[in-house]
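Take a look at the structure below.
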Amino acid sequence: MSQLPEKLLVINADDAGIDSHVDNSILRAAQEGLLTSATVLANGKTARSFVAEANRVGLALGLHFNITEGRPVAPNVTRLVGDDGLFCETKNDVWRHACSGFLDPIELKKEAEAQWRALTAMGADITHLDSHNHVHLYPCVLEALLDSLPKDRPLHIRIPYEKDCPKSLQPPFPNPFLGPKEMRAMIKKSGHYSTDYFVGFRFSNDPKLASIDALQTFEPSSCEWMVHPGKRAGTSFRMSQNRTSEFDFLTADLLRESLSRWGFRVVQFGALQ
């Protein structure tokens, strides 16, 4: 993104469509708080009902590209699944496969196209894209995603690098993965775009105002804030009390007052174009 004359913030919830409890938290955060956007797992068990409700309340929707949980949408993507037909058991497996070159670019593109078609068929007008467990940090995945996207309009694609965030609070991605400059160049070359800044890792670990106070230091620009409101069974991250605390913070008057004081206008990704 080029420099903007004002501070624009998009607050995006990941993992929509994965579980009804998560979905309800996201929808309530949009209705009662400042949440503007969500990314949906096209293979999620509640994806269809979530899209219908999200359209009703006016949430902007994106694709949360997923090759780490559940079943693929495309048939015959054998390098992406185990013997049981499910995606790899852990995100660490997928990161390792991405590093080793095990993942097939043709299958990645095939699955990305299938997930896009499935989500649009549910009624989503897709404006942005990120990935479950940030798998698009790996060159083979990002290249396949960019190759699979429609060419008729620019989409926002997340660059998940948080300025000055301690490494201990970031996911432990194994090397080699793309750096922010490399990602930005690839995304721009493909005709798509990203925000100037990204926050969310610090907040996910400790959902309070101090975890996003770096926002007040940003010059006029665009920023994506990644959030995960709503607990669910299955992973320690989603079962954490922090997910409930995220929801509480997103719907608190303190957030609205702070963003106003820092000069931010909360928008959807479409406002960045």
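Answer yes if at least one residue in the range 13-25 is closer than 30 Å to Gly263 by Cα and surrounded by fewer than 24 Cβ atoms within 10 Å (Cβ to Cβ), and no otherwise. Scanning the range 13-25 turns up at least one residue that is closer than 30 Å to Gly263 by Cα and surrounded by fewer than 24 Cβ atoms within 10 Å (Cβ to Cβ). Scanning the range 143-172 for residues that are under 19 Å from Glu69 (Cβ atoms) and modelled with pLDDT of 90 or more, we see that the one that is surrounded by the fewest Cβ atoms within 10 Å (Cβ to Cβ) is Pro160.
Checking Ala114, Ala60, Ala74, Ala118 one by one, the residue that is at pLDDT 95 or above, in contact with a Leu (Cβ under 9 Å, 6 or more places away or on another chain) and of a type in the set (A, V, I, L, M) is Ala74 and no other.
Looking at the structure I just gave you, is Lys45 free of Cβ contacts under 8 Å to residues at least 60 places away in the same chain and among the basic types (Lys, Arg)?
Values: free of Cβ contacts under 8 Å to residues at least 60 places away in the same chain: yes; among the basic types (Lys, Arg): yes.
So Lys45 passes the test.
Only residues that are under 15 Å from the mean Cα position of the chain (by Cα), part of a helix (DSSP H, G or I) and surrounded by fewer than 23 Cβ atoms within 10 Å (Cβ to Cβ) were counted in the range 92-133, giving 2.
Answer yes or no as to whether Asp164 is assigned to a loop (DSSP other than H, G, I, E, B), in contact with a helix residue (DSSP H, G or I) (Cβ under 8 Å, 6 or more places away or on another chain), acidic (Asp, Glu) and more than 20 Å from Pro105 (Cα to Cα).
Yes; evaluated as a whole, the condition is true for this residue.
Residues considered: Ile67, Ile106. Of these, the only one that is out of contact with any strand residue (DSSP E or B) (no Cβ under 7 Å at 6 or more places or on another chain) and either free of Cβ contacts under 8 Å to residues at least 24 places away in the same chain or β-branched (Val, Ile, Thr) (or both) is Ile106.
The values are calculated or read from the model by the stated rules, or taken from the named source; none is laboratory data. Small disclaimer: the values here were computed from a predicted structure and weren't measured. All Cβ positions, even for glycine, are placed from backbone atoms using ideal geometry, and neighbour counts span all protein chains on display.
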